[in-house]
Amino acid sequence: MTEDLLHEIRGETLWITFNRPAARNAFTFAMYEQVAALCSGVPTDGSVKAVVMSGAGGKAFAAGTDMSQFRGFATAEDALAYEAEIARVLSAVETCPLPTIAAIHGACTGGGASIAVACDLRIASASLKFGFPIARTLGNCLAAENLARLSELLGAGRVRELIFTARLMGAEEAQATGLIGEVLPDEAALMARAEALAATLGHMAPLTLRATKEAMRRNRAAVSVDDADLITMCYMSEDFRHGMEAFLAKERPTWRGR
């Protein structure tokens, strides 16, 4: 494990902290891999009963993937392999045998938002800003499985509207949609509530929780979608390359649709 992602067991809870505050906790590929490993490898002997994820630095849960890592993409296989890896990481979070809580303070966008959605429960502070502003910033796309997971929570219409307009959803709206279960006034209250909620889950029948989350996952997974052509279209486009460099240079991209 690197210092970009911290983890510790406190009491009966595994705490995972995304720790790149200077980059608003944007994920490196190694961080994604570490999240998957931690979720897949949690002990199931009763010594740990819940997992809480949060972001360090007081400004963001996680602001997606570190875009500089996309500069090495040269072929369609690079894009497809990336989305397959993201799908594997999100599946590891979703199939974690313990209940997972995303404690969200501040920005929760892109890959960070996908991680939060893959968790079982989400609570947030009043500063929450949630969304996928990729139509404004980068010009890539979400895989079909990721969109299905989002649509299950928010409804297809709201997911389409969020992505098409690139707007960020605030805490009040997120709670009204059911995305967020509770809104706390600040980060301190959020983390205290996350600790209390993890303790509550620790008193529940673990097999009931595990069976429920797996049955709900299977309901959605019953529909298989081939989206390789869509991923290739976006990631191999001139727009994606231009959008990435414009974002890194803090400039506004000019989209050309090719």
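Looking at segment 159-174, can you tell me whether even one residue there is at pLDDT below 95, over 30 Å from residue 44 (Cα atoms), within 22 Å of the chain's Cα centre (by Cα) and among the aromatic types (Phe, Trp, Tyr)? Within segment 159-174, none of the residues are at pLDDT below 95, over 30 Å from residue 44 (Cα atoms), within 22 Å of the chain's Cα centre (by Cα) and among the aromatic types (Phe, Trp, Tyr).
When residues in segment 197-227 are screened for being among the aliphatic types (A, V, I, L, M), surrounded by 12 or more Cβ atoms within 10 Å (Cβ to Cβ) and modelled with pLDDT under 95, 2 of them pass. Would you please name the residue that is nearest to the chain's Cα centre (by Cα), looking only at residues in segment 1-27 that are assigned to a helix (DSSP H, G or I) and free of Cβ contacts under 8 Å to residues at least 40 places away in the same chain? Here the answer is 21.
From the list 232, 200, 254, 165, the one residue that fits, being among the hydroxyl-bearing types (Ser, Thr, Tyr) and over 30 Å from residue 75 (Cα atoms), is 200. Of the residues making up segment 47-68, those that are closer than 28 Å to residue 240 by Cα and in contact with a strand residue (DSSP E or B) (Cβ under 9 Å, 6 or more places away or on another chain) number 9.
The values are calculated or read from the model by the stated rules, or taken from the named source; none is laboratory data. Since we're looking at a predicted model, the values are computed, not measured. Glycine gets a Cβ as well: all are built from the backbone with ideal geometry, and neighbour counts include every protein chain shown.
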